[in-house]
Every structure is written in C-alpha cells, then in structure tokens.
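Student: Okay, here's the structure, questions in a sec.
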Amino acid sequence: MLEGAFSLLEVLARLEDGGLSELAAGAGLPKTTVHRMLDQLVALDVVERRFGRYRMGPAIVRLGRAWNPDRPLHTAAAGPLRHLAAATRASVSVSVAGTGSPLVVAMLPGEVDDVFPLRVGSVLPPGSAAEVVLAAAAPALAPPEDHGAARWRRRIVAAREHGTAVDHYEADTLVACLAAPVRAPSGKVVAALAVSVLERGRLAGAEEPLRRAARMVGANLARMPQAWQR
C-alpha cells in the first residue's frame, strides 16, 4: 500500500496535475486502488482535488521545504549557482550521489525546463554527466543501465583526464549537459555542478564559468566549520 502511494505521488510530481485515469496509468495501478489512495491522501492534505483533477497538497509542500539533505552544500552553492546561471543562461544544478543515480540538491531553472524540468529532489537520468563526475572520484562501480562496461570506463577515464564530463540525452528534444566536481576542504569530491542547455555547441563557452563556479562552491565550503567534517 505504501509503495503504491509513493509511486502515485511520483507520477503526480511529474505531471503536476492529473486526472484519475492518467494517474492510474502512470502508476500502473487499478483505478479503484488509485481512487481509494487519492481519497486518503486528500484527507491528509497530501494531495488536493479540484474539479476532478489532482495536484500536490500543502502537506507535501511543507515536507518538501523541510527536506535539505546537505545544508552546508546548499548554502555554499547558492551564490555560485546564480553567477553560473547569469554567465551561461543555462539551467544549473548541484547533485550528490544517491542510492542509484545522482540526486539534485540545489538548482536554478533555465532553458531546459520546458523539456526536462530540474527540481530539488529530482533523480538524474542514468549515465548523466554528473554521475560520471561523481563516479570518476569513487571506487569502481557497475555501469548504469544502457552503458556497457567498456563505454563506462572510457567516460570515467575522460572525466579524470579533463576534469569535466559531457552527456547528451533525448527528452522532447536534445539536452546537452556539462558537469564538474565540487570538492570539500579535504579534497574529496562531494558533489557535481552541472549546466544543461538545448544547443550542445554552447557547452564549450560554459566550461570555464562552470569550473570557476565549482571552485567557488569549494571555497565557500572551506569557510564553513561543518564542511571540515567531510
């Protein structure tokens, strides 16, 4: 029951607004089950119902605002993210390693929002540039889905050599991403800073602002006592 409710909320988060049939189809659950779950979630203010359609309710919004898995990193990245967004006109984000693909912990929206909206709490697609950057600084792990071992090794080696990683993937249109590592005062890579654009040719001009912003985040972490524990 709990697993089904979370699946339903994931679908609702992706759609932002949906009717019973499309929510049931997206969650892969019977309409009767989804209807019962929605009634319970509405009663708890987790979901709102308006004119037969559903969206996230105030309770889930309050919980979302309270979620901050890495407050020092979020604080350290705030200014550099603004500078990077202004310099590149791109969608910018900070991600950390999760149990699967990296998890976005800070972001500023930009041009890719219409085709691939990045939000705090979003899980990046397997094999993203951010995942390559994080994997390049970690012990060898199995490649993500859709990646053979040889291709994954090549991407890891390239990231170690260049200090950045690139990825292109299809949403409604092609999205191009470039990521660089963020280092704690100890030198450990703790996050990936990335820019996402709709024209891959713009990545070359974004590389130096990206590297500079990543260094700025690291410098900010060095001024925060909590970060020294990393």
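The values are calculated or read from the model by the stated rules, or taken from the named source; none is laboratory data. Remember, it's a predicted structure, so these values are computed and weren't measured experimentally. Don't worry about glycine lacking a Cβ; one is built from the backbone with ideal geometry, like all the others, and counts go over all protein chains shown. For the accessible areas, the whole protein counts, side chains as well, though only heavy atoms, and no ligand, DNA or RNA atoms are used. Shrake-Rupley method; radii C 1.70, N 1.55, O 1.52, S 1.80 Å.
Student: Collect the residues in the stretch 87-102 that are touching a strand residue (DSSP E or B) at 6+ places or on another chain (Cβ under 6 Å) and not small (Gly, Ala, Ser), keeping them in residue-number order.
Tutor: Thr88, Val92, Val94, Val96, Pro102
Student: On to the next question. Between Pro117, Pro58, Pro139, which is modelled with pLDDT under 90 and closer than 19 Å to Asp167 by Cβ?
Tutor: On the way: Pro58 fails: closer than 19 Å to Asp167 by Cβ; Pro139 fails: closer than 19 Å to Asp167 by Cβ.
That would be Pro117, the only listed residue that is modelled with pLDDT under 90 and closer than 19 Å to Asp167 by Cβ.
Student: Here's another thing I want to ask about it. Residue by residue through the stretch 123-156, note down the ones that are open to solvent by less than 30 Å² (accessible area, probe 1.4 Å) and not in a helix (DSSP H, G or I).
Tutor: Leu124, Gly127, Ser128, Pro144, His147
Student: Inside the stretch 84-108, can you point out the residues that are open to solvent by 10 Å² or more (accessible area, probe 1.4 Å), in contact with a Lys or Arg (Cβ under 9 Å, 6 or more places away or on another chain) and within 25 Å of Pro144 (Cβ to Cβ)?
Tutor: The one that is open to solvent by 10 Å² or more (accessible area, probe 1.4 Å), in contact with a Lys or Arg (Cβ under 9 Å, 6 or more places away or on another chain) and within 25 Å of Pro144 (Cβ to Cβ): Met107.
Residues are listed down the side, and each one gets a yes or a no for (1) out of contact with any His (no Cβ under 9 Å at 6 or more places or on another chain); (2) at pLDDT 90 or above; (3) open to solvent by 80 Å² or more (accessible area, probe 1.4 Å); (4) of a type outside the set (A, V, I, L, M):
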{"residue": "Glu22", "(1), (2), (3), (4)": "yes, no, no, yes"}
{"residue": "Gly28", "(1), (2), (3), (4)": "yes, no, no, yes"}
{"residue": "Lys31", "(1), (2), (3), (4)": "yes, no, yes, yes"}
{"residue": "Glu48", "(1), (2), (3), (4)": "yes, no, no, yes"}
{"residue": "Gly52", "(1), (2), (3), (4)": "yes, no, no, yes"}
{"residue": "Asp70", "(1), (2), (3), (4)": "yes, no, no, yes"}
{"residue": "His74", "(1), (2), (3), (4)": "yes, no, no, yes"}
{"residue": "Ala78", "(1), (2), (3), (4)": "yes, yes, no, no"}
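Student: If you don't mind, another one. Just give me the residues in the stretch 2-26 being farther than 13 Å from Val47 by Cβ and either of a type in the set (Ser, Thr, Tyr) or in contact (Cβ under 8 Å) with a residue 12 or more places away in the chain (or both), in sequence order.
Tutor: Scanning the stretch 2-26 gives Gly4, Ser7, Arg14, Ser21, Gly26.
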